[in-house]
Amino acid sequence: MDPKDPESLENVKEIEITQDVIDFVTDLDSEVETHKGYRGDWEARIDNYTRKRYGIRAKKSFPWVGCANFVLPQIDSDINRLKPAYINLAYGVSPIVTFEPFGPEDVLPARKRELLFDWRMRSKVKFFKEYALGVDYMLHCGFVVFFTGWRFETRTYCKYLNLSDLPQDVLDALYLPEATDDVLFHVIAEEMLPDLNLQENVDEIKRVVAEFRAGKTKFEFEFTEIYENRADVKACNPREEILFPVDTINIQEAPFIDRRFYMRKNKIKSLMKSNKYITFDDNEINSWATDTTESNADYVKAVRDGKSFQNYDRDGEVCLRERCTWYDVNGDGIEERVMVTHPESNPSKILRFIENPYDHGLFPFTVVRREFNDAEILSSRGVPALDDDFQTGISTIFNQDIDAGTISTTPTVVARKNSVKNLRNLRYVPGQVVETENGAADYTVTQNPNLGQAGRFASMQYLKSWANDRIGNTTAAISQANNSPGNGPQGSKTAREVSAIESNSGMLQSMDLLVFQNQMVDLYFQIDSLYEQFGDDEEEFMITNQQSIKVSRREIQGSFNLIPNGRLDNANPALRAQKMLAMLQMFINDPFIRQDAIRKLYLDDYDVRISQQLLKSPQELQEDAMQQMQSQNDQLQTALLMQKGRDNLEIRKEAILAPITGRKYGPG
């Protein structure tokens, strides 16, 4: 079987490119640009939040040039505090998802599928980076859109063969007069070990066989191997990479979903060669790669990252638009889900127009919102929307305090005109000697007091408390104005007060994580469905401290309900360690509890590597049991020999004493 890209045009339902199709795609492009204008205010608001998060601001000239211009990072701090809890929902627990069986016949397949899915997510999908970016996008913009697809890539590599390096028995087999081309093919294949499922490798070996017949003894192979064959997940930045109508409630029912991305011209040509895109000539492709004018979002990112450009030259890249929409494919009056890809600069040059290729029947997008405060997706607010006023207020008060300190530490000098003899410029210098005509009355230094500093700090703490309360962070509630743990503005907190504050904040954060996890189910379902459709028929994987497991597609069939495993209590390593320690102390030496299992759970939560080092393997336990049994047998044999020796001693003793005292048990 020759593996092929499952999304290539020969493996999907391609729609013929007619003038009607071109007109449809062109009209769709105009509609998308119109809807982009509808969300202009939302985009401007996100750009403003980005500036505030990263401290991008203009220079101040009021109350004087060079005055304090700090931006205290309340927004960025809150996002960074929240991110670990979301990351741990997937990477702080195992398995990532629990497959709940619907019936008793689904129990064993559910367990195998659960282990296989967890291994795929951690080893094959390369999920961490996109997951972390997705969490950041969601906390910043209020939601994130995940794109899912299948990634299939091959790459070439070179190998060399010199017949003089082969063993003599292999050479004898090659030079046998009766050796056919098939025999030569298999001998060379065994030596070079390419993937013979790929037709390119078969053709390469046949070429070398022909060269061998022509008398050559040194050969160069250019083999092909499968580099990527896995589910692919991409976190799309809602501000720059994804667009749908502003009133969209359910993305699966949206009139269109527009994904914008850049691709190297060389990559586009490669995809055309592999028949994933319709082929165009090089001149046409070069015409798509035009200079891109810097957008407002590009400018903000450039300032944030320290880059400087006006018209960034993307001559080697092409901006592509991939759009999911609805189209009547067979003329029955019912529209089906379709996908169309074209260059941004020329929508009439369609690279592919296909029916939805996925068996799950959905658009390959999943929306994950931070909150449910309205039906529409764009209504979900990120952390900057919650912290905006508070960060502005805190920064303003802090700058006022810095300016007040500048005023208080910069004395005002009043001098009588023409009275000061040796002062070239009227500026205060500590320790300076000033000569005057009429003494101190001609030269006065006035120190301005710094009033209101305590009140300003209290106001900053008050604003920070409100900001932290909105996102479920307890820092400000149990800290001083300088954010160090200790007394708040109302005095010391008792242990009960601190516990109550943490409990209330934990409830809020637990609710946010629950909202997140219930939406992630849709993403995990699509990933699992992709492997069900395009994955290998059989896979072998290994779990730490366990033997490798081989699972076939048939073994994992059934009906399941996917439930994300991560929660606030089990995703937090500190909380989980406390719970497991309490459980270990509670059930130690309990006859109704398996002691080996509870010890393993505790050590796995503490550190899996320590668990590997400390816990004995089943083979070691079996060897210990056998040694213990052997030791017990040896002790028993020793005891029997000692007892036998004591018995013999008693008999000899009686034999010696019998002539003196008579037979002890003799008759009368």
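If DNA, RNA and ligands are ignored and the probe is 1.4 Å, what is the ranking of T279, T406, T366 by accessible area, most exposed first?
Details: T279 100, T406 60, T366 5 Å².
Sorted by accessible area, descending: T279, T406, T366.
With a 1.4 Å probe and every protein chain kept in, tell me what percent of the accessible surface of the chain is carbon plus sulfur. Roughly 52 percent, rounded to a whole number. Shown in residue order for the stretch 53-60 are the 3J(HN,Hα) couplings computed by the Karplus curve 6.51 cos²θ - 1.76 cosθ + 1.60 at θ = phi - 60°: 5, 9, x, 7, 8, 7, 6, 9 Hz (x for Gly and Pro).
Of the residues S552, F525, T396, the one whose Cα sits farthest toward the positive end of the charge dipole of the chain, with +1 on the Cβ of Lys and Arg and -1 on the Cβ of Asp and Glu, is T396. Entry note, the chain: relative contact order of 18 percent, from Cα contacts under 8 Å with a spacing of 6+ residues. Think of a 1.4 Å ball rolled over the protein heavy atoms: the chain then has 57 Å² of accessible area per residue.
Could you order S287, S94, S308 by accessible surface area, starting with the largest, using a probe radius of 1.4 Å? Mind dumping the intermediate values first?
Values: S287 60, S94 85, S308 120 Å².
Largest accessible area first, the list is S308, S94, S287.
The 3J(HN,Hα) values that the Karplus relation (6.51, -1.76, 1.60; θ = phi - 60°) gives for the stretch 278-283 are, in residue order, 5, 7, 10, 6, 5, 4 Hz. Gly and Pro appear as x. For R416, what is the net charge nearby, where nearby means another residue's Cβ is under 10 Å from its Cβ and Lys, Arg count +1, Asp, Glu -1? Residues close to R416 contribute a combined charge of -1. Only one residue of Q637, F152, I17 has its Cα farthest out toward the positive end of the dipole of the chain, where Lys and Arg carry +1 and Asp and Glu -1 on Cβ, and that residue is Q637. For the set V93, V414, solvent exposure ranked by accessible area (probe 1.4 Å, protein chains only) runs largest to smallest as V414, V93.
Rolling a 1.4 Å probe over the protein heavy atoms leaves V413 with an accessible area of roughly 40 Å².
Legend: distances between Cα atoms for K83/K234; K234/K265; K36/K301; K36/K124; pairs beyond 26 Å are K36/K124. Taking each of K60/K307; K13/K550; K126/K159; K464/K600 in turn, the alpha-carbon distance tops 31 angstrom for K13/K550; K464/K600. For a straight C-alpha distance cut-off of 26 angstrom, the lysines reachable from K653 (same-chain residues fewer than eight places away being disregarded) are K644, K664. Under 5 Å between amide hydrogens, built in the peptide plane, is the criterion, and for V329 it picks out E336 among residues at least 5 positions away or on other chains. Placing unit charges on each Cβ (+1 for Lys and Arg, -1 for Asp and Glu) gives the chain a dipole about its Cα centre, and among I407, A132, Q585 the Cα reaching farthest toward its positive end belongs to I407.
Only protein heavy atoms count here; on that basis, with a 1.4 Å probe, F24 has an accessible area of about 60 Å².
Per residue, the average separation of C-alpha pairs within less than 8 Å and at least 6 apart gives the stretch 275-394 a relative contact order of 17 percent.
The values are calculated or read from the model by the stated rules, or taken from the named source; none is laboratory data. Source: prediction; values computed, not measured. Glycine gets a Cβ as well: all are built from the backbone with ideal geometry, and neighbour counts include every protein chain shown. Remember, those area values only see protein heavy atoms, side chains included, never the ligands or the DNA or RNA. Shrake-Rupley method; radii C 1.70, N 1.55, O 1.52, S 1.80 Å.
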